[in-house]
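A.B. asks: Take a look at the following structure, please.
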Amino acid sequence: MHANVEYGSEGIVSTSGDVYSFGIVLLEMYARKKPTDAMFGEKMSLKSWVSQSLDENKIIEVVDANLLRREDNNFSAKEQCVLSILALAMECLINSPMERISTREVVTRLEKIKTTFLRTTQDAKDGNGEQINE
């Protein structure tokens with residue numbers, strides 16, 4: 001399947017294409033960049049930029065600073081949540097539609113990420129509901 005088919009430009013619409021598009025949207029939201037941003041071209045794409053940051057454990061360099069700062073309360077929990085979401089985005093962006101994650105699995109993974117984040121941040125509060133700094 002060609003890349004342009006993924007976006008339905010040839011009149012072919014599929015849930016696999018929807019999953020790919022969802023992966024792009026996740027990257028756009030978390031990196032606050034578009035695939036057409038001037039920094040991307042033949043040598044680097046939004047997908048490869050985020051993928052490299054995941055491989056090198058440098059997501060703080062690509063994630064929008066409004067979403068993740070080292071001085072944030074619950075930084076570790078937030079970082080893990082963002083890591084999980086970006087890893088999910090990469091699974092949505094697998095080139096082969098046959099190997100790509102399903103929409104049902106995307107929903108299941110998002111629910112698990114949410115539950116883990118809420119449980120982790122709740123555990124970081126003391127008995128009075130006050131935040132315990134990390």
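The values are calculated or read from the model by the stated rules, or taken from the named source; none is laboratory data. Because the structure is a prediction, the values reported are computed rather than measured. Cβ atoms come from the backbone with ideal geometry, glycine included; neighbour counts cover every protein chain shown. We work out accessible area using only protein heavy atoms, side chains counted, and drop any ligands, DNA or RNA first. Shrake-Rupley method; radii C 1.70, N 1.55, O 1.52, S 1.80 Å.
A.B. asks: Please state the shape class of the range 22-134: rounded when a/c is under 1.5, otherwise prolate if a/b exceeds b/c and oblate if not, all from the C-alpha gyration tensor. If you can, show how the numbers build up before the last one.
C.D. replies: Values: a/c = 2.92, a/b = 1.53, b/c = 1.90.
Cα axes put the range 22-134 in the oblate bin.
A.B. asks: I need the trypsin sites (Lys or Arg not before Pro) found in the range 41-93, filtered to DSSP loop residues with at most 10 other beta carbons within 10 Å of theirs. Intermediate results must be reported in sequence, preceding the final value.
C.D. replies: Numbers: sites: Lys43, Lys47, Lys58, Arg69, Arg70, Lys78; in loops: Lys43, Lys58, Arg69, Arg70.
Listed in order of number, the matching sites are Lys43, Arg70.
A.B. asks: Not counting ligands, DNA or RNA, and with a 1.4 Å probe, what is Arg119's accessible surface area in Å² rounded to the nearest 10?
C.D. replies: My reading of the accessible area for Arg119 is about 130 Å².
A.B. asks: Just tell me which lysines come within less than 27 Å, Cα to Cα, of Lys33; anything on the same chain fewer than 8 places away is out.
C.D. replies: Once the sequence-local lysines are set aside, what remains near Lys33 is Lys43, Lys47, Lys58, Lys78, Lys112, Lys114.
A.B. asks: A follow-up question, please. Below 8 Å, C-alpha to C-alpha, sequence gap of six or more: please give me the relative contact order for the range 10-95 in percent. Numbers along the way, then the final one.
C.D. replies: Details: 64 pairs, mean separation 36.1, N = 86.
Worked out over the range 10-95, it gives 42 percent.
A.B. asks: Of the GluC sites (Glu not before Pro) in the range 50-93, which ones lie in a loop per DSSP and count no more than 10 other C-beta atoms within 10 Å? Intermediate results must be reported in sequence, preceding the final value.
C.D. replies: Numbers: sites: Glu56, Glu61, Glu71, Glu79, Glu91; in loops: Glu56, Glu71.
For GluC sites (Glu not before Pro) across the range 50-93 that sit outside H, G, I, E and B with at most 10 neighbouring Cβ atoms in 10 Å, the list reads Glu56, Glu71.
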